[in-house]
Amino acid sequence: MKMKTINFILLLLFSTFVTAQQYVMGTLSNVNNDGLYEIRIPNEIRSFSNRNLSNFRIVDDSDNEIPYFIRHKDETITINKFEKFEIITKQIVKDSISVYVIKSPYKTLNQLVLEIANYNGSKNYKLLGSNNQKEWFGIVNSSSLSELQHPNKTSIFKRISFPKCTYSYLKIIFNNTNSLPINILNIGNSKNSYRNEPLQEVKYTSKVITEISDKKITKVHFDFKNKEIINQVFFKITKPELYNRRAKIYKIDTREVKGKKENYKQYITQFYLNSNSTNSFKIPELHENNVYIEIENKDNSPLTIKDVLFYQNPLYIVVPLKANKTYTVKTGIKSLKAPQYDLSFFKNEISNTLPRVDIEHIEIKNMPTTPSKIATDFWKKPWFMWLCIAIAGIVIFYFTISLVKDLRKDN
């Protein structure tokens, strides 16, 4: 009877390890001609994928893997007439920062256009303003430029948008700590036509608003089903009629202090909610499933927040397809590593205007995990070692008690 009980417990413990891993499948809409196509990755696919799409795959009806490369398309600028501003200071500090100071010819300004030599990567920056080049004040605390290479030319134009200001001088500071400096050829303004790629909304599963009266702040906690990429946030505020409140976005992270792990707030960015603005903000890219916002009320009544909307920049892939073939996409399989395709070598030679196809019939699937895979996984875990120690201790204790009882009987 005791042996049956022990076997049952071991079987129950083992069965808890056999779980079903989820992944996502979809199909591509039909194409009528052979060639290169552009596919916009929907949020249902991205939320199950790794941040860099490393576990995203496309296969044909013969289960052959189809190559692709990733393409970001934030904004397209058509330059009609570029007006160069005077660059007063250009300073590049190795492994630190690049600083550009320009003199504005306008009384008010809310954008700059940068001509940048082609660069493979992205770049974070800050923007400051001054009227005397001695006292500098913040305009943009943290933002970034991406897609800094033109497919056909040696340079690309990028726009920096910011709150309207009257400063005579503007200073752009680029962060070179973890990346190489970019080459700014010209800074100015132009009468351009802009075409923004439509953003993709990211839905949260729950929202909790908490008023912390002793600190005079409002805390809003958003929970997402999966880790989501977030690039922009938009506030819908109904009351009061006039307001100006500082808000901060943060996440909860873990750090080790004196050998112990503790949770702390990691602030991502801050901005001002203002009744005279649209209250739409670009933020440094987040990849989280829990996002927090703090609003400083000071001595004012809390804001009435109707809703907060989150958006992510669109993401595309370029892929060669053949007419009248069936293609399947899969993502979310954790064991897959980033693919290496020859096609990515030619991405700068491929047109930015390609025909598009869609991912359809998206479904969440369960993939049973085999016992051998489970064994490989949990044998490596620290908790399994402690479990084995605990079980060994129980077994030793059991046999020790039995041995003592047997000795007493013999005596």
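Here, each number is a calculation from the coordinates, and none is a lab measurement. Everything numeric here is computed off the predicted structure, so don't read it as measured data. Heads up, the Cβs are rebuilt from the backbone with ideal geometry, glycines too, and the neighbour counts pull from every protein chain shown.
Classify segment 200-312 from the C-alpha gyration tensor, please: rounded if a/c falls under 1.5, else prolate or oblate depending on whether a/b exceeds b/c. Oblate. The alpha-carbon of LYS107 sits under 18 angstrom from the alpha-carbons of these lysines, leaving out residues fewer than 8 places away in its chain: LYS84, LYS164, LYS171, LYS191. Simple spin-label estimate for LYS225 and THR278 gives 2.9 nm between the two label positions (7 Å along the Cα-to-Cβ direction from each Cα). Given segment 262-365, report the % of alpha carbon pairs whose separation exceeds 18 Å. Result for the distance tail: 72 percent. Stretching LYS164 away from PHE345 to a fully extended chain increases their span by 61.1 nm, per 0.36 nm per residue minus the current alpha-carbon distance.
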